[in-house]
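A short worksheet on the structure shown next.
The values are calculated or read from the model by the stated rules, or taken from the named source; none is laboratory data. None of the values given here were measured: they were computed from a predicted structure. Ideal geometry is used to build each Cβ from the backbone, glycine not excepted, and the neighbour counts take in all protein chains shown.
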Amino acid sequence: MSAHLAVLPFAPFARPQRVALTDIDAIAQAESRYRLILPLLEYHPDAPGCRMLRLQDGTPVTSFSRMVEYVSEQSKITSQGVSTATLYKYLANFRNGGRPALADLQRKDKGTSRFFDSYPKAKWMAAYIFLDERMSVRVAYEFILGNLQLLEIPRENAPSYETVRAWLKQLPAALTIYARQGRKAYRDLISPYLKRMYTDIYANQAWVVDHMIHDIFALNNVFDDFEPWQRIRIRLTSLIDYRSRASLGVSWAVEGSSNSLAAACTRAIQLYGPPELWYLDNGKDMQKVARGAESGFQTDRQRLRDEFSWIESTGFLARTGIGATFCLPFHPQSKHIERYHRTLHERYDKVWSEAYTGPDPFHRPDPATLAMMEHSKLLKAGHGSESNLPLASTVIAGALGWMEEYNNSPHTGEGMDGATPMEVFNANRNPNQRPTPEPAALALLMKNREVRKVRECVVTRRNHRYEPCNLDDWKTLHNYATNEPNGRDLLIAFDEGLPETIDALDLDGNFLCRLQAETLMRFAPGDPTTQAQIAESFRIRRGLEKATRETLTVISRVARSNGAVSPLEAMSSRLQFNAGETGIGVVTQRAPRSTKPTTEPINKLIPGQAADRLAARLRRNSADPSKS
């Protein structure tokens with residue numbers, strides 16, 4: 001039984017991995033320590049600047065250990081006074097967890113109670129009274145005070161009411177609602193559910209990456225950094241496989257940047273795993289994402305072995321262990337993704353005849369010029385939505401469909417032999433393919449973070465619901481569900497170019513789980529896919545409810561085995577009365593109310609019977625006049 005007393009099951013007591021800093025002081029502390037170890041990360045014995053450095057005793061800095069001593073001596077001059085041992089510790093923390101790991105660790109007892117950890121029987125007693133018996137926090141507190149000897153608590157160590165209240169408040173809301181409000185409330189407030197769709201809509205060894213701007217005028221209904229219905233040209237960031245020419249990852253933005261590169265890369269890594277290297281041009285955004293990455297293919301290379309190659313000092317390619325090779329400057333023909341983009345311009349962009357901009361204004365078709373002028377007039381009049389230009393969302397949806405068709409169409413390029421890009425991709429997979437990085441590592445690629453609410457085990461952002469990917473993640477988010485009107489706060493990490501997934505973090509920046517965009521259920525009762533979707537939803541719901549119910553059962557059994565009693569049993573024992581006694585001697589009874597006699601005959605006669613009896617009586621009287 002003692003093994004069950006460590007922590008309450010199904011409670012969020014585990015310490016997750018910290019991947020982000022949310023406190024201003026912690027961020028400042030991490031930045032200060034990062035600046036301190038930056039010379040160590042950039043140290044190279046052959047660098048001219050390092051040869052000129054001297055220790056205080058005049059010894060030249062000729063090794064990494066002496067460089068550590070030099071940084072330690074310099075820190076003492078600036079009143080920081082950091083020892084060499086501390087610098088080595090900072091370096092180890094930085095290599096293991098990046099810049100967030102440089103801040104001081106969180107309190108180990110955060111989210112726990114030192115009193116209840118010291119007296120586990122009191123923990124089970126309080127949970128039993130509050131959950132199983134549905135009594136108030138005050139009653140649970142008074143039960144602990146009234147049973148100190150049973151719970152093996154010295155009187156001088158008796159807890160305060162606030163200690164009991166704070167511990168019971170941090171119990172998962174799923175337990176509290178199921179126990180105190182019942183199964184229906186739990187299913188209405190906590191248990192996940194399917195949201196039905198009412199309308200159907202249209203919906204690896206080396207990668208080559210580049211940006212491309214569509215030759216299409218579109219109406220903005222997607223990007224928040226531009227006015228609605230404004231005329232824009234969308235920029236595409238795409239990744240294609242070098243061997244098969246298959247399009248693997250995409251992201252759309254108004255201006256391509258390292259963020260759109262990270263979004264396209266993350267999407268492709270999630271689907272196919274990381275490649276060995278990227279083949280990219282010399283743009284600033286490309287150089288930013290490739291900072292610190294190794295160049296070219298290497299056999300049995302040891303990635304990120306040098307001291308300066310890790311999280312925040314590098315681009316996301318180095319973080320995921322992807323190498324980078326740059327093409328020749330000002331020589332786009334060295335990247336065959338340019339040919340892919342030309343095909344996209346020719347076979348997709350030109351289809352939008354009235355919105356096709358052409359390669360430049362001098363070659364713009366007349367219908368596009370007229371449509372642009374008409375749109376400008378409508379926008380000034382406040383009727384931009386009435387323009388004939390296509391919506392940006394429609395252009396993106398059409399491009400996705402075209403890319404899917406391209407991936408599954410025969411290709412006549414060199415080494416393709418008329419096979420489709422996906423056929424070549426699947427038939428020639430890298431035998432040394434590395435697995436997809438852990439979600440916590442991929443969360444580092446997400447640039448944007450927001451505080452959102454958890455309602456019914458899902459997170460909503462921009463009217464899109466995001467749900468966990470597996471049962472374990474459902475359990476994690478289940479602990480964050482609540483019956484509060486506005487839900488419980490949670491930090492989400494996301495990328496605008498990657499709307500299908502977000503990462504859930506707690507408010508301290510610790511990674512919890514990955515969430516995926518909810519798949520709407522079609523109104524097709526006989527469809528096997530719909531039936532499987534419903535069955536999976538019920539399996540998850542039953543699993544979460546079963547875990548909650550079993551936890552409540554364990555709490556009740558363990559508390560009972562430790563001597564816990566219900567309030568009724570405690571009162572019976574305290575007052576020493578027998579439940580079978582009636583106490584009739586102290587009961588005052590009212591006299592029974594008398595009933596009025598009925599005026600109607602007991603046996604009523606129907607009219608025909610009454611007439612027959614009257615006729616018989618008249619006959620008797622006529623036969624014997626003396627009886628009349």
Can you tell me which residues in segment 542-566 are out of contact with any Phe, Trp or Tyr (no Cβ under 8 Å at 6 or more places or on another chain) and assigned to a helix (DSSP H, G or I)?
542, 546, 550, 553, 554, 557, 561
Expected single match for over 30 Å from residue 469 (Cα atoms) and not small (Gly, Ala, Ser) among 365, 421 is 365
Looking only at residues that are modelled with pLDDT of 80 or more and in a helix (DSSP H, G or I) in segment 420-456, which one is surrounded by the fewest Cβ atoms within 10 Å (Cβ to Cβ)?
427
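Any chance segment 214-237 includes a residue that's among the basic types (Lys, Arg), part of a strand (DSSP E or B) and touching an Asp or Glu at 6+ places or on another chain (Cβ under 7 Å)? Break it down into steps so the answer makes sense when it comes.
Narrowing segment 214-237 to residues among the basic types (Lys, Arg): 231, 233, 235.
If we keep only those that are part of a strand (DSSP E or B) as well, we get 231, 235.
When the remaining residues are screened for being touching an Asp or Glu at 6+ places or on another chain (Cβ under 7 Å), the result is 235.
There is at least one residue in segment 214-237 that is among the basic types (Lys, Arg), part of a strand (DSSP E or B) and touching an Asp or Glu at 6+ places or on another chain (Cβ under 7 Å).
To keep it simple, each residue is scored yes or no on (1) outside any helix (DSSP H, G or I); (2) of a type in the set (Phe, Trp, Tyr); (3) modelled with pLDDT under 80.
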{"position": "255", "(1), (2), (3)": "yes, no, yes"}
{"position": "259", "(1), (2), (3)": "no, no, yes"}
{"position": "264", "(1), (2), (3)": "no, no, no"}
{"position": "274", "(1), (2), (3)": "yes, no, no"}
{"position": "279", "(1), (2), (3)": "yes, yes, yes"}
{"position": "282", "(1), (2), (3)": "yes, no, yes"}
{"position": "287", "(1), (2), (3)": "no, no, yes"}
{"position": "291", "(1), (2), (3)": "yes, no, yes"}
{"position": "294", "(1), (2), (3)": "yes, no, yes"}
Which of the residues belonging to segment 369-419 are touching a Lys or Arg at 6+ places or on another chain (Cβ under 7 Å), under 22 Å from residue 350 (Cα atoms) and not in a helix (DSSP H, G or I)?
389, 411
Which residue pairs have Cβ atoms closer than 6 Å, lie 6 or more positions apart in sequence or on different chains, and pair a first residue in segment 563-587 that is under 19 Å from residue 124 (Cβ atoms) with a second residue that is at pLDDT 75 or above and assigned to a helix (DSSP H, G or I)?
564/125; 564/128
Only listed residue being assigned to a helix (DSSP H, G or I), at pLDDT 85 or above and over 33 Å from the mean Cα position of the chain (by Cα), chosen from 145, 151
145
Report whether or not residue 359 is within 23 Å of residue 253 (Cβ to Cβ), outside any helix (DSSP H, G or I) and at pLDDT below 80.
yes
